[in-house]
Amino acid sequence: MWDSLWIALGLVLVIEGLMPSLNPKAFKKTMSTIRELDEKTLRTMGLISMSIGATIVYFLTS
């Protein structure tokens, strides 16, 4: 189980690193746009993202 967790963490880091390495200008613009959002919107985006991720994991592991 711990092996799978480390593999998943590694994949997250690879995916997170794609945009800044492929298009740093757009990444900086996106980060500045996100910085201007209010906390409620950020929290909602985070919850939606976690829900989608959990749903994907559920369907792939069942």
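Here, each number is a calculation from the coordinates, and none is a lab measurement. The shown structure was predicted, so the numbers you read here are calculated from the model rather than taken from an experiment. We place every Cβ from the backbone using ideal geometry, glycine too, and count neighbours over all the protein chains shown.
Averaging 1/r over every pair of different alpha carbons in the range 2-61 and inverting the result gives a Kirkwood radius of 13.6 Å.
Taking Cα atoms, how many degrees apart are the long axis of helix 24-35 and the longest axis of the chain, rounded to 10 and kept between 0 and 90? Helix 24-35 sits at roughly 90 degrees to that axis. Couplings for the range 10-22, taken from phi via the Karplus curve 6.51 cos²θ - 1.76 cosθ + 1.60 with θ = phi - 60°, read x, 5, 4, 5, 5, 5, 4, x, 5, 5, x, 7, 8 Hz in order; Gly and Pro are left as x. The phi-based Karplus calculation (6.51 cos²θ - 1.76 cosθ + 1.60; θ = phi - 60°) puts the 3J(HN,Hα) values of the range 36-51 at 7, 6, 7, 5, 4, 5, 4, 4, 4, 4, x, 5, 5, 4, 5, 5 Hz, whole numbers, x for Gly and Pro. Here the range 2-61 is treated with +1 on each Lys and Arg Cβ and -1 on each Asp and Glu Cβ, and its dipole about the Cα centre works out to around 280 debye.
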